[in-house]
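Read the structure below first, then the notes.
The values are calculated or read from the model by the stated rules, or taken from the named source; none is laboratory data. Small disclaimer: the values here were computed from a predicted structure and weren't measured. Here Cβ is always computed from backbone atoms with ideal geometry, including for glycine, and neighbour counts include all displayed protein chains.
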Amino acid sequence: MRYRLVIFDMDGTILNTLEDLADALNYALKCSGYPLHTIEDVRRFVGNGIPKLIERGVPAGTKEEDRERVHKDFMEYYQVHCADKTRPYAGIVELIEKLRTAGVLTAVVSNKADVAVKELCRQYFDGCFDCAVGDRQGIRRKPAPDSVNEVLRYLSVPREEAVYVGDSDVDIATADNSGLDSIIVSWGFREVPFLKEHGAKRIVDTPDEVAALVLE
């Protein structure tokens with residue numbers, strides 16, 4: 001076994017959350033009379049947390065207090081509707097079960113709001129993760145290493161025995177900033193050429209390939 005801990009990103013890596021994020025953003029934008037966005041627009045906006053999603057989604061030049069109102073409307077909607085259309089990617093549940101059967105620890109680190117991270121883990125992966133960390137006040141978001149470091153401390157795993165699995169440039173930078181190896185998946189929110197341009201060294205196309213790299 002090559003790694004003792006696998007830390008997964010959530011959106012675009014283990015869960016396809018794009019439609020629910022788009023619905024929440026468009027609901028919040030509509031409340032303020034702003035133009036709505038397509039799924040492909042939102043695909044480009046996600047990855048750096050909800051505040052950055054809101055910043056990218058509102059019209060250019062929107063005042064801070066107006067962005068805060070959109071953020072509030074987004075959160076009120078998303079806390080109720082975060083799992084309406086969200087589903088695990090094919091083979092992910094089986095991957096996590098295989099890793100845990102082999103004695104590998106598993107965790108989630110996401111820029112999604114902490115309350116949504118925990119709810120989605122409970123709903124789709126109940127009992128599958130040893131630790132799940134989302135965006136909280138006072139903790140720097142990815143690509144800062146803070147949340148990854150918190151998981152390493154909590155689970156008492158040296159960073160050389162952990163690997164980070166994600167789907168975006170943010171995840172590549174998070175692993176680099178945390179001193180972790182990374183495995184980048186091709187089924188998420190970013191295209192393979194984009195991932196290569198941003199330094200992805202190992203890109204996989206299936207969950208089975210993740211298991212092979214972890215357990216080799």
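Okay, residues lined up against (1) over 21 Å from residue 89 (Cβ atoms); (2) modelled with pLDDT of 95 or more:
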residue	(1), (2)
147	yes, yes
178	yes, yes
185	no, yes
216	yes, no
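The criterion of at least 1 residues that are in contact with a Phe, Trp or Tyr (Cβ under 7 Å, 6 or more places away or on another chain) and closer than 24 Å to residue 133 by Cβ is met by the following helices (runs of 4 or more DSSP H) wholly inside the stretch 156-216: 169-178, 207-215.
Close contacts from the stretch 122-141, counting a first residue that is closer than 18 Å to residue 87 by Cβ and a second that is assigned to a loop (DSSP other than H, G, I, E, B) and modelled with pLDDT under 90, with Cβ to Cβ under 6 Å and a gap of 6+ residues or different chains, come to 123/83.
Exactly one residue among 47, 57 is among the small types (Gly, Ala, Ser), in contact (Cβ under 8 Å) with a residue 40 or more places away in the chain and in contact with a Leu (Cβ under 9 Å, 6 or more places away or on another chain), and that residue is 47. Output yes when any residue across the stretch 90-98 is touching a Phe, Trp or Tyr at 6+ places or on another chain (Cβ under 9 Å), surrounded by 16 or more Cβ atoms within 10 Å (Cβ to Cβ) and closer than 18 Å to residue 166 by Cβ, and no when none is. Yes, the stretch 90-98 contains a residue that is touching a Phe, Trp or Tyr at 6+ places or on another chain (Cβ under 9 Å), surrounded by 16 or more Cβ atoms within 10 Å (Cβ to Cβ) and closer than 18 Å to residue 166 by Cβ. Answer yes if at least one residue in the stretch 101-110 is surrounded by fewer than 19 Cβ atoms within 10 Å (Cβ to Cβ), within 26 Å of residue 183 (Cβ to Cβ) and in contact (Cβ under 8 Å) with a residue 12 or more places away in the chain, and no otherwise. Checked the stretch 101-110: at least one residue is surrounded by fewer than 19 Cβ atoms within 10 Å (Cβ to Cβ), within 26 Å of residue 183 (Cβ to Cβ) and in contact (Cβ under 8 Å) with a residue 12 or more places away in the chain.
For the stretch 54-75, residues that are modelled with pLDDT of 95 or more and in a helix (DSSP H, G or I) total 15. Being of a type in the set (S, T, N, Q), assigned to a helix (DSSP H, G or I) and either outside the structural domain of residue 205 (by TED's automatic domain parsing) or at pLDDT below 95 (or both) is the requirement here; does residue 79 meet it? Yes.
Go through 172, 203 for me and flag whichever is closer than 23 Å to residue 45 by Cα and touching a His at 6+ places or on another chain (Cβ under 8 Å). Unique residue meeting the criteria: 172. Can you work out which of the residues in the stretch 1-37 that are part of a strand (DSSP E or B) and of a type outside the set (Asp, Glu) is farthest from residue 62 (Cα to Cα)? Filtering first and then ranking leaves 5.
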